[in-house]
Every structure is written in structure tokens, then in C-alpha cells.
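Here is the structure we will look at.
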Amino acid sequence: MGFHLFPIITFFMASLVATNNAELPPQIYWKSLLPETPMPKAITNLLHPSGLTNEKFTSVDYEGDGTDVNVGGGNGGVSVGAGKRGKPVHVGVGYSPFDYVYAATETQLHHDPNVALFFLEETLHHGSQINLHFTKPSNLPSFIPRRLADSIPFASTKAKEIFKKLSIKPDSDDAESMINTIIGCEKPAISGEEKQCVNSLESMVDFCTSKIGKNVAAVSTEVSKESVLQKYTVTTGVKKLGEKEGVVCHLQNYPYAVFYCHKTETIEAYYVPLEGADGSRVKAIAVCHTNTLGWNPKHLAFQVLKVEPGTLPVCHFLPEDHVVWVPK
């Protein structure tokens, strides 16, 4: 489910007036903490969505403090065709294949495009072929300033206040999607993982560097063009990234950019170059989980791959709007 583009929303935040000049723009904050880490496309796409330049983005201001945000949403991803052609199915983190405590529903098994994301590690070699449908993200949400993000409640008990602030109809599909995201974020982490939903680029940087340090690489899948369902071949150049430790951040369905980030010491991340039957190329990022004992036995991955928890490593490709952080 994707969000419709919302109108520009304004908040009167008198507390920002005195400190506005002291707060670094998110790009500068990134550069100050991570001078040797290029910003991945999944991040830059959310800084100024729909081709907005920095000048245009900041030309409309909040009442009194010179800052504004255009709140929009929607996720792209990797999907497979399922029956009739249509928009990809997207689910909030509460029902997401990237949250490992949830069991797959019959609807997911038959209609969720994320079914094709999962594979076994033995597939990661030159010449392997996988049927995939890569979609380009559209109507992407934007990052909003940290002070603004922190001023907006993010708790299921504050639903009414959130909907009022963001002009969301409480009985709408958007409201239901938002609550699913929040509830998923409030669930405890599985054994061996640390998690946090981050509501700004600055908070993502802080969480990830606090877990794996500042000498890191941040990478995301890059799709040259949207494709139809087709066969992709793994080409030369598969490369392991980091060593059994990392943070994976998944973009959520929300009016502004919110990522579900989780750190684990039992993953292997890979760069996987793919070439489609139509000649299109994808710089894919894959993550393999080497310890799945804490996952729900009815998780989508186990049902798709026909393996038991804690046996073989479970791997999945990441959609274009997700980010993997690994130590260099």
C-alpha cells in the first residue's frame, strides 16, 4: 500500500527559531560523521523526492521558522507477478517479510511479491538464474528534519494525535497502514538482534554508527530500469560485504521517511550483479541470515524455501529503497 501525495503541512514550532541555524542539514550531518562513506541512492532519493532541488525544497516555510516539508509516500521494491497484473502488494512492517517474528498468511503466500526475494546461499554464484520483477520506487516519502520528526508522536497510543497533526483520516487505509508500521516498530526484537525505527536521516546515522562504528559502508540495490517479470542471471563480480555483522534498514509505509533498522551479528551481506533477459542490469544487494532459530517457524522464507529454522542460511534481495550498513 502506498500513500497518496499529501499537501504541504505546516507546524508552528517556536522552539526551532532560536536553534534553527545551529542544526546541520542532514547531508552535512552525514558528511561530518561519515566523511569516507558515500551516501547510497536509497538515501539520496529521499532527500529531495520528485526531482526537487534544495532551493525549491526550502522555499516554502513553516510559520515563523523558515523550514518546511512535503510529505509524500509509497514504496518500490522487488516483486514477482501474481495472477493479474497490477500494482505490487506492499505491507507494513507488522506484516513484513523483513520482520522475522511474523507468520506468513495465505494472502502473502499467494499474492505477496516479496515471495521471490528469498533464496538459499548456494544460489550466489556466477550463472545462477532467478525469476524476478524489479520495480522502481514511486511517490517516495521524504526525510524531514530531526527536530520536526521528534516533535511528532510515534506510538500506537498516540494515534489520534498523529492523525490530527498529519491530516490523516482515522478510518482511512493510510491510517491503518501507519498503525501497522508503528505496531511493528513497537514489537520487541528477536534474540540476538537490536532494533529501532528511525524517523530522520540523522537518527539513522546515529543508530547505525552506535552499533557498528563510523568506519562503515552504506549500500543499496540500484535498478537501471523497471522490468517485467523475467529471468535474471548472476554475472561476474559477486562480492561479500563486511563480516557477519551489520545493520539493515527497511523503508516503511508512512507519510514521511521512517526506516525499520535492525542490527545483527549473524548476517552475510553481498553485492550481486544481475542481468535480465531483456539486457537490463541490476546492482543488487543481498543479505543472508546464518542463524534463524529465533524466527517464527511459519515465516514466509521457510514456507517458500521448504527449510526449517536454524538449518540453512536464509538469503533475500533488498528492494531499491532499503539500506545495508556494514563495517569496512
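The values are calculated or read from the model by the stated rules, or taken from the named source; none is laboratory data. Because the structure is a prediction, the values reported are computed rather than measured. Because the Cβ atoms are built from the backbone with ideal geometry, glycine has one as well, and the counts that use them run over all protein chains shown. Just so you know, the surface numbers come from the protein's heavy atoms only, side chains and all, with ligands and any DNA or RNA stripped out. Shrake-Rupley method; radii C 1.70, N 1.55, O 1.52, S 1.80 Å.
The figures follow:
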read-out	value
Order by protection proxy (mean Cβ within 10 Å, highest first), peptides 199-209, 216-226, 170-180	199-209, 216-226, 170-180
Carbon and sulfur %, accessible surface of region 188-323 computed with the full protein complex present, 1.4 Å	49
Alpha-carbon centroid distance for the pair region 277-300 / region 221-271, whole angstrom	8
Accessible-area order (highest first, 1.4 angstrom probe) of the listed residues His133, His126, His289	His126, His133, His289
Two-site FRET efficiency, Ala189 against Ser167, from Cβ-Cβ distance with R₀ of 56 Å, rounded to 0.05	0.95
Dimensionless Rg ratio for region 258-328, taking C-alpha atoms and the 2.2 N^0.38 Å reference	1.25
Förster-model FRET efficiency, 25 Å R0, Leu293 and Val238, C-beta, rounded to 0.05	0.40
Region 153-284: C-alpha gyration tensor shape, a/c 1.5 cut-off, then a/b vs b/c	oblate
Label-point gap, in nm, between Asp206 and Gln129 - each point 7 angstrom along Cα→Cβ	5.0
